[in-house]
Amino acid sequence: MADKTLQLKQNIPTEVEATVVSGGAADAGKIPALGPDGRFDTSTMPAGIGADTKVFPASELLAAGDYVNIHDSAGTASVRKADASAANAGKQAHGFVRAGSALGADATVYFEGPNSSLSGLVPGITYVLSHTTPGGVLPLAAGTTTPGHILQVLGVATDVGEINAEIGAPVMRG
């Protein structure tokens, strides 16, 4: 529950709860409040401010933290797990998801910033797209050397559960 302010409603001081998530134009003029994470919800921010994201339908089951590949699924841009073992960089990572999505459900894809839905990382180590677990990560030293696979840097671990995503171009192993 967000904090409340006193506002005059029909000349009577009335408690009004601040808005955590904006519903758009209907919430114009309302006072925003911080969410449970102590931050403003992106729906309360001006266009162009906030996380670089886009929503796509998931063409397979996705787990929180998965790195994903954008692809054409019957004429619709969709996302699936990225996979370094796919031939010719066919499933290179374009972004990641912070929340899981069911097949056909909307998935919010993040293109940069912290992927904080991971675990078991070593801070300071560079991580690459996994060639053994679709959507997963491996330390750079364990990256694939198999011809036809790709080596794609995803970013550096800043915590045991977080990679600061700076997704690089895939390199085809020869």
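What to note about this one:
- Here is the figure for segment 150-162: residues that are over 17 Å from the mean Cα position of the chain (by Cα) and either at pLDDT below 95 or β-branched (Val, Ile, Thr) (or both) total 2.
- You will find that of THR53, THR44, THR108, the residue that is surrounded by 18 or more Cβ atoms within 10 Å (Cβ to Cβ) and β-branched (Val, Ile, Thr) is THR44 and no other.
- From ALA102, ALA141, ALA93, residue being at pLDDT 95 or above and buried (at least 21 other Cβ atoms within 10 Å of the Cβ): ALA93
- ILE167 being hydrophobic (A, V, I, L, M, F, W, C), under 18 Å from GLY95 (Cβ atoms) and either part of a loop (DSSP other than H, G, I, E, B) or without any contact (Cβ under 8 Å) to a residue 40 or more places away in the chain (or both): yes
- When each of PRO123, PRO147 is tested for being surrounded by fewer than 13 Cβ atoms within 10 Å (Cβ to Cβ) and either modelled with pLDDT of 95 or more or not in a loop (DSSP other than H, G, I, E, B) (or both), the lone residue that passes is PRO123.
- GLU60 being more than 12 Å from the chain's Cα centre (by Cα), within 25 Å of LEU151 (Cβ to Cβ) and of a type in the set (Asp, Glu): yes
The values are calculated or read from the model by the stated rules, or taken from the named source; none is laboratory data. Not measured: the values here are computed from a predicted model. Don't worry about glycine lacking a Cβ; one is built from the backbone with ideal geometry, like all the others, and counts go over all protein chains shown.
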